[in-house]
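The values are calculated or read from the model by the stated rules, or taken from the named source; none is laboratory data. What you see is a predicted model; the values in this text were computed from it and never measured. In this analysis, Cβ positions are derived from the backbone assuming ideal geometry, glycine residues included, and neighbour counts consider all displayed protein chains. The accessibility values were calculated without ligands, DNA or RNA, using every heavy atom of the protein model including side chains. Shrake-Rupley method; radii C 1.70, N 1.55, O 1.52, S 1.80 Å.
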Amino acid sequence: MTACAIEGETTGAATTVSLTSEEAGEVEEPERRETAEASAGREKAGGPRGSSGAERPEGVGAPARADASAGAKAPAGDGGPGETAEPGAPGGPGALATASAAGGVAARAGTFTIAADGSYAARLTRSGAAGAASWFPERWTLDGYEPYAVPLPLGQPEEPDSEVLPLSDGRVLIRRRVADRHTFSLLYPTGPGTGELPLGAVECVNDAPLTLLPPSPDGSHAYALSVGEQSTAVWLVAGGVFGPERVADIPGRCSGGAWLDRTGHMLALDREPVGGGPVKAVAVDLGRGGEVTPLLQIAPDSNDRLLLAEPDSGLLLIRSDAPGHDRLGWGVLGSSLPVRFPECLRPADVAVTPFAVQPGQVLMPESCAVALRIDGAAGSWVGVWRPAGRRLHQLPVPEGWLAGSGLWTRDGVLKLPYANGDVPCGVALVAAPVDEKPGVGPAWVAAAESGMQPSAAATPPAVCKPVPLGQAPLVGRTAPV
């Protein structure tokens with residue numbers, strides 16, 4: 001998708017970049033909080049949600065719904081619920097991935113990864129006292145009547161920088177760093193023990209970092225990204241015939257990763273050119289040998305990253321500094337309309353990161369509910385937003401929420417996994433809030449005072465002809481009459 005320049009979306013709005021900004025006037029960018037503390041075990045905020053983004057919604061730390069599914073014992077022969085670390089402990093509920101300063105390698109301990117079809121999930125957790133804790137993989141079953149966790153320990157503890165990824169058949173892929181190689185194996189429960197199927201290894205050339213990509217939509221393949229000095233390799237590490245296979249080589253240094261289709265062929269990556277330059281999202285066609293095409297081109301010198309993509313509706317969640325500073329925006333795959341940057345997605349004093357988009361909304365991207373993780377001084381909680389609603393709803397989360405994880409059903413129910421001292425494996429069900437009609441309701445009446453005003457005025461947008469990016473002046477344009 002190439003963004004076009006279009007201005008005058010709302011009366012009185014003016015932009016100085018080649019996209020539609022839904023803010024009227026320049027607002028100083030609030031300081032962003034890059035690393036959030038774990039939500040579990042935190043002290044509850046004392047008051048209800050207000051206009052300040054830093055305040056935690058009332059009820060955070062308590063289950064979102066009374067009928068949230070609790071952990072249940074696994075059936076015979078499928079293991080039992082694994083031990084979980086205390087809330088807030090590394091790898092326990094709410095533990096977050098932290099970026100390593102050397103090579104940008106993400107430490108995956110505690111990261112909760114959900115399969116593309118929502119059937120299984122996996123994470124690295126630990127058991128034992130804090131001083132003698134041992135790491136092991138844990139698989140969650142999410143598509144049954146009740147969720148349950150199965151521990152998958154082997155003869156020796158795992159390293160905390162290992163990564164796990166669930167497949168749709170219930171097996172769990174694990175990546176380990178062993179000397180100068182990255183090894184891959186499939187783990188699965190075998191009655192009281194754990195079975196392991198080695199898949200092969202990838203050498204670390206010049207100590208190049210390697211990390212797993214998000215689960216493939218087909219549920220049977222898994223890919224990894226190896227970043228070198230001049231290029232980035234995409235590896236098929238599970239689902240191939242002869243072990244790990246290099247399927248694409250992309251000039252530049254790539255990061256991120258989002259799937260653009262349901263077949264697992266079109267992959268979006270954020271690429272930094274060789275020699276430096278702005279980061280731009282590109283589309284990589286794995287079905288055609290890694291053919292690369294531009295995906296986001298908002299402004300010539302802007303860093304345009306793709307955070308999430310929903311193939312059914314085409315909704316894209318984007319982070320870009322094209323408006324002058326990093327902003328969260330949205331667009332539609334294949335559309336000629338510009339990227340929009342709603343004001344409601346930048347509440348003060350918090351960091352907002354999308355982590356799940358409602359599927360099944362074919363050709364209706366503006367109706368998709370988006371779940372966002374909100375990190376502030378009070379902890380982490382959930383926001384829900386729709387492009388058509390133009391309002392960010394801030395909701396409480398269950399105690400021990402595995403921050404930044406969750407998935408939507410097609411009916412608009414958000415599933416939030418959590419684990420605490422009382423419930424080792426639980427899923428809270430949160431119905432998406434209903435948005436008020438534009439111009440109706442107390443939220444619109446009090447918009448100017450609440451700080452939660454919609455992303456644009458409730459007036460019909462001016463009719464403009466999209467201008468190709470190369471022909472679009474960045475200043476001095478007004479909306480045509």
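Per atom type, segment 325-427 shows carbon and sulfur on 50% of its accessible surface, probed at 1.4 Å. Remark: segment 352-399 carries 27 Å² of accessible area per residue (probe radius 1.4 Å; ligands, DNA and RNA excluded).
Taking every protein chain into account, the accessible area of segment 252-343 amounts to 35 square angstrom per residue (probe 1.4 Å). From the P(r) of segment 307-382, could you give the percentage of C-alpha pairs in the tail past 22 Å? Result for the distance tail: 24 percent. With Cα atoms defining each centre, segment 411-436 and segment 386-400 are spaced 12 Å apart in the structure. About its Cα centre, segment 319-378 has a charge dipole of approximately 100 debye under the convention of +1 per Lys or Arg Cβ and -1 per Asp or Glu Cβ, with nothing else charged.
Considering all different alpha carbon pairs of segment 228-337, the Kirkwood hydrodynamic radius works out to 14.6 Å.
The listed peptides 242-254, 331-343, 390-402, ordered by packing as a protection proxy, come out as 390-402, 331-343, 242-254 (highest mean of other Cβ atoms within 10 Å first). Taken along the Cα-to-beta-carbon direction at a fixed 7 Å, the label points for ASN206 and TYR145 span 5.7 nm.
Restricting the calculation to Cα atoms, every distinct pair contributes to the Kirkwood radius of segment 191-285, found to be 14.3 Å.
Rounded, prolate or oblate, given the Cα gyration tensor of segment 259-393, with a/c below 1.5 counting as rounded? In terms of gyration-tensor shape, oblate. For segment 112-217, the equivalent ellipsoid built from the Cα gyration tensor has semi-axes of 23, 18, 13 Å, listed from largest to smallest.
Take the Cα radius of gyration of segment 372-427 and divide it by 2.2 N^0.38 Å, N being the number of residues; the result is 1.21.
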